[in-house]
Each structure stands twice: as structure tokens, then as C-alpha cells.
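Undergrad: Pasting a structure below so you can have a look.
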């Protein structure tokens, strides 16, 4: 069990490092989503289902959607309009 | 004159920029030669400072890691049952008495909405303030306010997406509502349920096609719903704070823990919080993709 | 080694905290900074939540009629508050990033600071 | 049944949040302004009642939020000091909004004005929350509310510069609150409480037994570092000048004079209520704060000397003035802390007056804040010129004005701490000289003749606010003896 937890935590660190180091934005947002999902699993290991649900819905779900919406808008802006 | 403030360090001001970026910057505005020379000298200065600060930051950070890691070893062991100061009377109280006192089977919900209700109200205000700030930034302008389609008009609706979402959406909404309304009996609650509801609304909005001007829930309506829910929260909790501090015995019937109609104020508060979270999520998404 | 292993969650959260902290301070790209902020926050939440775990404890939902050990619900409720707060701050920062991009056509704070300075001169 | 007065802190807190929330539905900026002003008056009156009540009873009271006694539930706590601060802060806020109202109308687009006032209401809620709370986690929640409200207040004028300043501000404040939360998590792990008074007993217990000394020290440091990030203590001040320089008058006045002070009050709470002055001295925290305060005083003044822009100069002067506050805390005695609190009040009133008068003066120069453009502006608006002059003189420490009281109290406190008297006095003198060095040319500049005289319409709002500020300034400058006694009483029951 501890082995599983250690692997999980190592994956967490790897994901965090990969998010920060990846050169493109969209991949790093997607890796961040994976990071949040792993975090949700870590919280299940701590017997906190409330947190796991909240993290999966808010961290991995909503935050990622907002990031992607922003990136998409930025790409749309890159092609056309901008003010001032 | 080099600027020694932490701000420069934070933003990496005028770092020697790599090829692409310096191309952007040089074409931005031609400079007279003297100014260029001065600027280059300035830039050299700042680059050295920048490097110094980067090294400083890394060193500070490493020191912080080591200090924290050593500190961690002095803390009570993870999961310890003995010698653990966190297992004191307070936790005992929550676990032994909260079920009968608040009527909620979920201890976390009891703590969030009954014992530490003020924190949760503050948190709901944070969500509301963030929504208001997003609206302030992206929505209100001097011109008449309007949303624009996220994609060029008349682009055909994606049929696969539309059919899938039409099938899925009722289940998502039902799941979210279940989670919000059962926050006091099972894990979940208003925040997670509200986020799921907001996600479902986003999906619905995407599937309806992004060439429309109107959205599934306009920011004004979302704000109105949020204000009503926050007001309700404030009134309910204000009365309960007042009654509690003055020793009056005012509370809703607590009911049997585990039953849907139990938990006194927790169920209405969960619904309020769910609406607030969902409103924040959908408003932020709508404005990110469609604001003029 | 034994000690490190027994404090695995705390150690991980310290490492994550410093990753997030460094990104927030040193990365020039705004989106990366926001991600770093989120990593830093979740690291603190991991630390806080780890203090609530009790060996052999059950999830903090009442099991009627059973005399079992539950985990400490207080850290969970604090972290629940925290997760939602960091989502709100993220939304606000992203909105700011969009505005900034519309003004300067860049998300790179180095470039933006320089453009802002040129605009002033 | 409690006396009705004891309910007032909770009512003020909930009222300011609720009014803020309802302001979102108000479309008209003027109506939102009146709503906010009414709220501020009500809160001032209520807090004054709390002040009088606690002064008469001679002890602070706690107010449990809900049916549950602490440490299970959470509570507010109010005493003389809390009452005093909660009375003064809304007054400063009201006067700043009044003084900067014309600029708000011009700088903030009409549709956004009600949202601007919404954020001001939330700022008030934050301040009240930080003043009254007796629970560390509640303080964290209010820190986050202040992050968002503050960023919008900075963004009052939407230029690229303010957006950048606002982002910088959010980054610094989230760093600060992240560090604060980490400290809180460590503290929770080794004590198991969040309620401040219970934490205090637990910490004393641990220290007597010699347990968890390292984690306690670490958490103390982290909590203070987080708050120092927020209150722009010297090495963490980087976000401050930009955010002050470019936003509207009322925003800069409020952010400089009040916003930072809420976190300074929280610092006091962490030192006095959660830990204790002895352990702060033992962990060398007071030495650290003393040193940073000293450096901040000199550094802020030197940087202010180099600015060509009035608002940026005032912003760097704020860095220096925060140095005074932390210097007072760093003296490590009750008198020193009383001096720090007194300086918080002095600076709140004086700096708000300075910023509003700069705003009024720049109205004659097409809203430019550069000294070159402000030349002769005092002749066009004599009242604003006089207010600027008096505020500047007050910051230099001329007698009868508030700044003199602050410096006097601080140096009197320094005499009680043998090792630090000489250093404190020397730096106080140097800082006063530096203040004079950058304020006197400014004062001469605004009064010197200039051919470019622009007539501006009379501004009644500003007149009222300037006169009130002047009155408060004189009161603080003359009445420092009874006021410090009040503050010392407040600290003894803090």
C-alpha cells in the first residue's frame, strides 16, 4: 500500500515538474489536469472523499476548462482583433 | 540606474531577450542611437541583476525546502494515533456530537456549514467577488454591453457533440443536483456539485453551437441569482449567529442523520452555495470565450 | 529513510510547494505563473489534509451503529474552502491575462513590461 | 442575553459584506456611492459604540458565531484597540472616497462605478474581519477576499500599467497567503487548534515542555513572512509603487493608508495573541522586524527622493512609513507596539490626506502627476495646496501635526529599550531629514508662480474631506498622550 502511495506521490512530482518545464502552453495545461486528478486520488488515499470530489470537479474540471477557454481566446486574438 | 526592487526580479524586466522576442521589441519602435546605447548598457546591468536574483531565488528556495523538510521530521508522524496534538477535544467533539447536534451525517459538511459557517460565508463572498471582478474586467465597458459569438456565425452545429450532450446533460444535471442536495448525508456538497452543474452548463452551451450571440445564462442573470443566494445565506446565518450568541434556542429541526430532510440549515445553505459556484463557473466561461 | 517514508505526504508537499513557488517567481509566462500558483496552493492543501489522516480511520461520514475510528474532519473542511478560493483567484488572474493579451499581444511578462515602458516614454 | 453592543462587530461584518453584495444590483454609480457612504457612517457609529463600551467595562469581550462555543466554533473578539481601529478606518475610508469622488467619476467608466463601490465595501469587510477575528483560518479567508477586492480597486483606471500592477499585486498576495497558510498548517499539526487564545495556551504548554520547538518557530516565521508580503515590508514592497502610481486617487489613498494596515494589525495579533512577545524575542523575530523596519525607512525615503512623479513618491514614502510601524513592533516592548499602532493611525490619516490632495492638485494639470506639470497648482487650488503642504509637513514631523506625534511616541518608546535607543533615534532623525528633503521642494514647487493657471470648478466634496482630514490630523498631533494611553489599555486587553 505504501509502495502504491509512493508511486502516486512520485507521479505527482513528475507531473508538476513536467507542467512547469513543458515549452508549450496547451500540453502544460493538460498535464496540470493530470496532476489534479492524481491529487484527487491521493486524497482518496487519505480517506477524504469530499476533497477528492471537490478536487476532481474544481481542480481537474473547472480550472482546466477555464485555462483552455483562455488559451483558445488568446489564439483567436492572435489571428485577428486587439485593442490599443 | 539599476533598479534593485524585487518587482524587477519577479517579472524579469528587460532580460536579454531571445531571438523571437527581441525581434518583436526592436521593430516596435526605432530609437535614436544614443538612447539605444544607453538602453543596452541598462539592459546589461539588469541582466546581471536578473541573473543574480535568479540565483538568489534558487538558493532561497533550496534553503526553504531543507528547512521545511527538517521541520516536517519533527512533526507528529503521518497518521499517528498517539502523540498527535491534532487529536484533541475538538475533533472528539466533532466526531461524537456533531451528528446529533447538527443532524448531518457528513462531518465535513457539519464543520463547513455549522461550526465554521463564517469561513464558508467568506469563501462564498470570495467566489462572488471573483465573478464580479471578471465581469468588471471583461464585460462592462462604456459602450452598450454585448456578447459576441465565439465563432463565426453560420458555422454548422457539430451534430455528434450535440446529440451526445443532449443525451448526457440530464444525467449530469441530475448528478449535480443529487450531490448538492445530499451534501449533508454523503461526500460532495454544494461546492463540488455546483462546479459539476457549472461544467454541465458549459457543455450545453458549447453543444448548442458557438455561433449564437445569446448564451445559456447571461452574466446579469447569473449575478442576480448569486446575489439572491448570498443574501439568503447572510440572512439565515446572521439570524443563527445572533440567536446562538445571545443564548436563544433558534434552529431548524435537525432530523435523523442520514435522511435527506435533516441537518437543519445545512441543506438550504448547500443549495445556495451550489448556485453561487455554478454561477461563477458559467459566467467566467461565457466571458472568457465571448466577451467583446 | 524510515522517517522520510512515514512523512511521505509532507515531504512531497514541500517539494511541490517549492516547485510552485519557483515557477511563480521566475517563469516569465503568465499562464505558467498561474499554473505555478495552483501547484503551490495544492501543495499546501496536501500538507494540511495530511495532518487529518489517522491510521485505520474511515471517511468522515457517519456509520450508524458501528464504533469505528474516523479521520479528522477539520483539515478536510479547511482544504475544501481553500480549493474553491484558489479556483476563484485563478479565474480572476486568467481574466487579467486576457485583458493584458488584448492590450499587448503577448503573455510574456518580460515583453509586456518592456512594451509598457516604451508606451510611457 | 448579551448586551446589544456586543452584537455590533458581527452585525458590522455581515452588513458590510451584504451591502457589498447588494451593490452589484445597483446600476447607478451615484446611488452606489451613497450606499457605501451610509454603510461607512453606520459602521463608524457602531464601532464607536463598541469602543466606548469596552473602555467603560475595562475588558474585551468575545462573541461566538453560532451556537457552538470555541474552540469548536469560531468567534470574534473586540476590545478597546479593535474598537479604536474599527472606528478610525471607516472614517479614513469615507474621507478618501469623498475627497476622490470627482476623480472616481472621471476615471472609472460609468457602468463600472457600482462594481468599484462593491469592491470598496468588500475591502471594508476585510478590514473589519482582520480586526475582529479571533481565528487564524478566518483571517486567511479574509486575506483572500482582500486579494480580489484589492486587485479590482487597483484596476480602477484601465490602462496597461494598472493591469500589470494588478497582476503583480495578485502574484505577491497569493504568494503571501500561500506562505501564511503553510505556516498555519504547521501550527495546526503541532497544536491542533485554530482559535487564537487556545493556540496561545497550547504554544506555552509546548514551550514549557520543550516539544515541537522547531515547527513552532518555523510556523511563526512563515505566518509573519506571509503577512509581510501583504503589508509591503521592505524587501517585499516591489508590488506597491506601480499599483499606487497609476490608479485613481481614492484607490491609491485607500490602498496606501488602510489596506496595508489591516495586515499590520494581523501581524500584531500573531505576535501578541497567538505567540507572545517573549517568544518573538527568543526566536529573534523582533530583531528581524526591527532591522527590516530600519532598512525600509531609509530605503523608502531614498527611493522617494528619486521619483519625478508625485504619486510614486508618495508610494515610496509609504514603504518608509511601514518601516516605522515595523520598527515599533521590533522594539519588542508593549510601549513600542503602542507606538506602532499609533503610527498606523497617523499614517492612515496623513497619507490619505496627501493622496487626495495630490489628486485634487493634478486636476489643474490635466491629471498629470509629474512635478513639472504640477508647478503652481497650489495657487489654482489653495485648499488642496494647503492640505498637501500640511500633510507633507506632518510626515516630516513638524510639531502640532500628526506625524510629530508618531515620531515622538516612537522615540519615547525607544528610550525604554536600552540597546536600540541610539539606532532608532539616529534613523528617525535621518528619515525626518530625508522626508524634508523630498517634500520641501515639492511644496515650494506647487506654490511657485506659473503662467499656466487653469481654473477648475469648485469641488465641495473635496473641501469637506480636506477640512475633516485636517481636523483629525491636528487631533492626532496634539492629543497623543491620551490616545497612546487608550492604545496601551487596548494592548493590555488585546
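Read-outs: derived from the displayed coordinates by stated rules, not from any lab. Treat the numbers as computed from the prediction; the structure is a model and nothing was measured. Cβ atoms come from the backbone with ideal geometry, glycine included; neighbour counts cover every protein chain shown.
Undergrad: Please tell me the relative contact order of chain D in percent, rounded to the nearest whole number, where contacts are Cα pairs under 8 Å and at least six residues apart.
TA: Result for chain D is 15 percent.
Undergrad: Across the residues of B:238-248, average count of Cβ atoms on other protein chains within 10 Å?
TA: 6
Undergrad: Need the C-alpha centroid separation for the range D:80-109 versus the range B:207-243, integer Å.
TA: Here the two parts' Cα centres lie 29 Å apart.
Undergrad: So, one more: Using 1/(1 + (r/R0)^6) with R0 = 30 angstrom and r between the beta carbons of residue D:298 and residue D:42, what's the FRET efficiency to the nearest 0.05?
TA: The formula returns an efficiency of 0.10 here.
Undergrad: In degrees between 0 and 90, to the nearest 10, how far off the longest principal axis of chain C does helix C:109-120 point, with axes built from Cα atoms?
TA: It works out to around 40 degrees.
Undergrad: In peptide D:149-157, what is the residue-averaged number of other protein chain Cβ atoms found within 10 Å of each Cβ?
TA: Across D:149-157, the average partner-chain Cβ count within 10 Å equals 3.
Undergrad: What is chain A's relative contact order, in percent, from Cα pairs under 8 angstrom and six or more apart in sequence?
TA: Across chain A, relative contact order equals 25 percent.
Undergrad: Something else: Within the range D:86-123, list the residues whose amide N lies under 12 Å from a label point set 7 Å along Cα→Cβ of residue D:31.
TA: Taking a point 7 Å out along Cα→Cβ of residue D:31, the residues of the range D:86-123 whose backbone N falls under 12 Å are D:114.
Undergrad: Right, another one. Each label point is 7 Å from the Cα along the Cα-to-Cβ direction; what then is the distance between the points at residue A:11 and residue A:45, in nm?
TA: The modelled label-to-label distance comes out at 1.0 nm.
Undergrad: Sequence gap at least 6, Cα distance under 8 Å: using those rules, report the relative contact order of chain C to the nearest whole percent.
TA: Relative CO of chain C lands at 23 percent.
Undergrad: Would you please put D:314-324, D:394-404, D:272-282, B:199-209 in order of how densely packed they are, using the mean number of other Cβ atoms within 10 angstrom per residue and starting with the highest?
TA: Ranked by mean Cβ neighbours within 10 Å, highest first: D:314-324, D:394-404, B:199-209, D:272-282.
Undergrad: Using only the Cα atoms of the protein assembly as shown, build the gyration tensor, take square roots of its eigenvalues as a ≥ b ≥ c, and label the shape rounded, prolate or oblate: rounded if a/c is under 1.5, else prolate if a/b is larger than b/c, else oblate.
TA: Because its axes are fairly even, with a/c under 1.5, the protein assembly as shown counts as rounded.
Undergrad: Separate question: Using the alpha-carbon centroid of each, what span in Å lies between the range D:396-439 and the range C:30-60?
TA: 46 Å
Undergrad: Compare the peptides B:217-229, D:14-26 by average per-residue count of other Cβ atoms within 10 angstrom and give them in order, highest first.
TA: Result, highest mean Cβ count within 10 Å first: D:14-26, B:217-229.
Undergrad: What distance in nm separates the two pseudo spin-label positions at residue D:422 and residue C:118, each 7 Å out from Cα along the beta-carbon direction?
TA: 5.4 nm
Undergrad: To continue, here is another question. Using a Förster distance of 35 Å, how high is the FRET efficiency between residue D:475 and residue D:281, based on the Cβ-Cβ distance and rounded to 0.05?
TA: After rounding to 0.05, the efficiency reads 0.55.
Undergrad: Kindly state, to the nearest 0.05, the FRET efficiency for residue A:23 paired with residue D:201, given R0 = 56 Å and r defined as their beta-carbon distance.
TA: 0.60
Undergrad: Sorted by packing (mean other beta-carbon atoms within 10 Å per residue), highest first, where do D:200-206, D:429-435 land?
TA: Packing order, densest peptide first, comes out as D:429-435, D:200-206.
Undergrad: Moving on to the next point. Just check the range D:1-155 against the gyration tensor rule for me: Cα atoms, a ≥ b ≥ c as the square roots of the eigenvalues, rounded for a/c under 1.5, and otherwise prolate or oblate depending on whether a/b exceeds b/c.
TA: In terms of gyration-tensor shape, prolate.
Undergrad: Now, a different point. Pull out the extension gain between residue B:67 and residue B:161, defined as 0.36 nm times the separation in residues minus the alpha carbon to alpha carbon distance; nm, one decimal.
TA: Gain in length upon complete extension: 28.7 nm.
Undergrad: Shape call for chain C from the C-alpha gyration tensor, a ≥ b ≥ c root eigenvalues: rounded (a/c under 1.5), prolate (a/b greater than b/c) or oblate?
TA: Here chain C falls in the oblate category.
Undergrad: Hey, what number do you get for the protein assembly as shown at 222 nm if only DSSP H runs of n ≥ 4 count, each worth -39500 (n - 2.57), divided across all residues, to the nearest 500?
TA: -24000 deg cm²/dmol
Undergrad: How far is it, in nm, from the label point at residue B:141 to the one at residue D:464 when both lie 7 Å from their Cα along the line to the Cβ?
TA: A separation of 3.6 nm, rounded to one decimal place.
Undergrad: Note the full-extension length gain between residue D:386 and residue D:400 as 0.36 nm times their separation in residues minus their Cα-Cα distance, in nm to one decimal.
TA: 3.5 nm
Undergrad: Now, a different point. Out of the DSSP beta bridges found with both residues in the protein assembly as shown, what percent are antiparallel (nearest 5)?
TA: 85 percent
Undergrad: For peptide B:90-96, compute the average count of partner chain beta-carbon atoms within 10 Å of each residue's beta-carbon.
TA: 6
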